[in-house]
Each structure stands twice: as C-alpha cells, then as structure tokens.
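Just below is one structure, and these are the notes that go with it.
No value in this document is a laboratory result; all are computed from the given coordinates. Because the structure is predicted, anything quoted here is derived from the model rather than measured. Every residue, glycine among them, receives a Cβ derived from its backbone with ideal geometry; neighbour counts consider all protein chains shown.
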Amino acid sequence: MKINQLLENKNFKLLNDVPSLDEGITYIRSCDLLSLVMAKGEKGDAWITVQTHSNIVAVASLLEISCIILPESIKPEEDTLIKANENDIPIISTPLDVYKIMKEFSF
Amino acid sequence: MKFEYTISNLDFSTAGEASSNIKKVLKLLGIDSKIIRRASIAIYEAEINIAIHSYGGKIILYVQENSIKIIALDKGPGINNIDLAMKEGFSTATHEIREMGFGAGMGLPNIKKCSDEFSITSESGKYTRLEIAINI
Ligand SMILES: Nc1ncnc2c1ncn2[C@@H]1O[C@H](COP(=O)(O)OP(=O)(O)OP(=O)(O)O)[C@@H](O)[C@H]1O
Ligand SMILES: [Mg+2]
C-alpha cells in the first residue's frame, strides 16, 4: 500500500508537508521504545508510536521509515512537525487505536 | 577524512543530528547502504547515550579506506560496571527519560551488533570512551 492510498481513508490525516506520498508501505510496526525500533525497524515500515517529541523523526529518517502514525488522536509537538518537514517524513494522525490501524493493512 | 560533532547534555531537540549528518556524508561518499545503516544506528545510539547519561561530549568519525571508525567521548560521570551496562535491558534512565521512549537498555547492545570492532573504556567521575569500527 502507498501512503496516498492510506490517506484516502478518512480516518487518516496527514499533519505536515512532504514532497511525495508515493512511497510504498511494506510493513507496519508498533513500538514506543526508540532503541527497539532502531534495532528492528526497516526501510518502508509505517511506524505507530505514542511518542510525540522530535527524536521520532530522527529515528524514522535514519531508518528510512515510510511514515509515522500517531494513534488515538495523539498530537505531535510543534518541533516534531518542523523536523518532519525538513526530513520529508510524513506524520499521520488517526483517531483509531493500534489494532484498528493494523486492520487497515494486509501484506 | 575526519568529522567532529559536539553533543550537549539533555538536548533532545538536536540529539540525532550527528547521525543524520554522518548518514548524508556517507551517502555522498558512495558507501554501501547496509554499512550506512549500521553506522547510522551505532552513531544514533552513542549520541543519545551522551545526551542522556553524560554531561556532554563529542562524536568523532574517521572515514578510512577500509573502515569507518567512530569515537564517542564524553565528560563523565562514567560507567561503573561496563559488563552490566552491556546487558540487554539494563538501564539507569530516569522515569521521565523512559516516558520519552529511551531507556530500554538496548543502545549499547545495538551498537555492538552493528560494529566489527567495539570497545568501551571509562573512568568513574571522568569520562566514557566508546570506540567502534565498521569494515567497509
Ligand atoms: N556515555 C555514558 N555515560 C554514562 N553512562 C552510560 C553511557 N552510556 C551508557 N551508559 C550506561 O549504560 C546503560 C546502558 O546503556 P544503553 O544505551 O544500552 O541503554 P539505555 O541508554 O539506558 O537505554 P536505550 O539505549 O535502550 O534507550 C545506561 O542506562 C547507563 O547507565
Ligand atoms: Mg542508550
């Protein structure tokens, strides 16, 4: 699934400006421990996390994660969106919980 | 080639900048993407450790013909028991730091997994020095 296909679903809203949403999502990962994501995360993952500080963008960018999804309407810090724009990392907000987000995907 | 980055204590807004910068440099140099991934992970974890656990320090990167060498050196307080610090899951991170998603006790083991050579030396109250090499 591509990011723009995910965004056709009204439950998912893009919070920042990125040049391309054509990137494919190849796996979905839910984890709030940054060093665990660092160890296991792969290029193309969509990453669900409740962390909202700007370091999540550093992690996503280093691993070339396709997008960050904030569940249950959690709001990111302002700083995080700025950094996400600089690094071309889409940040997507949804009211859904982790289980319901995952149900949107099949690989 | 040598590159040097200063890391400040508890500055999470800039923590991660050394690793992103170095990633860009290594890409420009045409280094293999698997090697870049290992170097990025190791540098990120080293950088965050300096920001969280130390009074500040620096990361020095040497890109040599056959290897990438990374030195992370800080101003203390040092690591008392290095064997314990190397154990997966061991962390002295505070509650606040853990709430931010740090403190899984995975950073040093991650760094070791990403390196071909790995060593830590530390003197209590003085410094911690991590030195790793990744073969190109
Ligand atoms: N530069 C350092 N100075 C002082 N102590 C350190 C330093 N780096 C690591 N340590 C000590 O070693 C422990 C283990 O480090 P490690 O990076 O493996 O885990 P962590 O930083 O606690 O959690 P994580 O890296 O998973 O977010 C730390 O909790 C800390 O006590
Ligand atoms: Mg660590």
Grab the DSSP H runs of chain B that are 4 residues or longer, score each as -39,500 (n - 2.57), total them, divide by all residues and round the 222 nm result to the nearest 500 deg cm²/dmol.
-11000 deg cm²/dmol
Working only with C-alpha atoms, what are the Rg and Dmax values of chain B, expressed in angstrom?
14.1, 43
What does the structure give for B:9-19 when I average, per residue, the other chain Cβ atoms found within 10 Å of the residue Cβ?
4
Across segment B:6-17, in residue order, what do the Karplus-derived ³J(HN,Hα) couplings come to in whole Hz, using 6.51 cos²θ - 1.76 cosθ + 1.60 with θ = phi - 60° and x for Gly and Pro?
8, 10, 9, 5, 6, 9, 7, 6, 9, 4, x, 6
Peptide B:37-44, shielding by other chains (average Cβ, 10 Å cutoff)
4
Per the Kirkwood formula over distinct C-alpha pairs, the hydrodynamic radius of the protein assembly as shown in angstrom is 18.4
Amide H contacts of A:ILE48 (H built 1.01 Å from N, under 5 Å, at least 5 apart or other chain):
A:ARG29, A:SER30, A:CYS31, A:ILE69
Please list B:97-106, A:71-80 highest first by mean number of surrounding beta-carbon atoms within 10 Å per residue.
B:97-106, A:71-80
Assigning unit charges at the beta carbon (Lys, Arg +1; Asp, Glu -1) and nothing else, what dipole magnitude in debye, to the nearest 20, does the protein assembly as shown show about its Cα centre?
380
Under the Karplus relation 6.51 cos²θ - 1.76 cosθ + 1.60, θ = phi - 60°, what is the ordered set of whole-Hz ³J(HN,Hα) values for segment B:20-34, x standing for Gly and Pro?
5, 4, 5, 4, 4, 4, 5, 5, 4, 7, x, 5, 4, 5, 5
Calculate, in whole percent, how much of the Cα-Cα pair population of segment A:3-103 lies beyond 19 Å.
32
If the only charges are +1 at each Lys and Arg Cβ and -1 at each Asp and Glu Cβ, what is the size of the charge dipole of chain A around the Cα centre, to the nearest 20 debye?
340
Given 0.36 nm per residue, what is the gain on full extension from B:ILE136 to B:GLU65 after removing their alpha carbon distance, in nm?
24.8 nm
For segment A:61-66, Karplus couplings with θ = phi - 60° (6.51, -1.76, 1.60), whole Hz, Gly/Pro x
6, 4, 8, 6, 5, 6
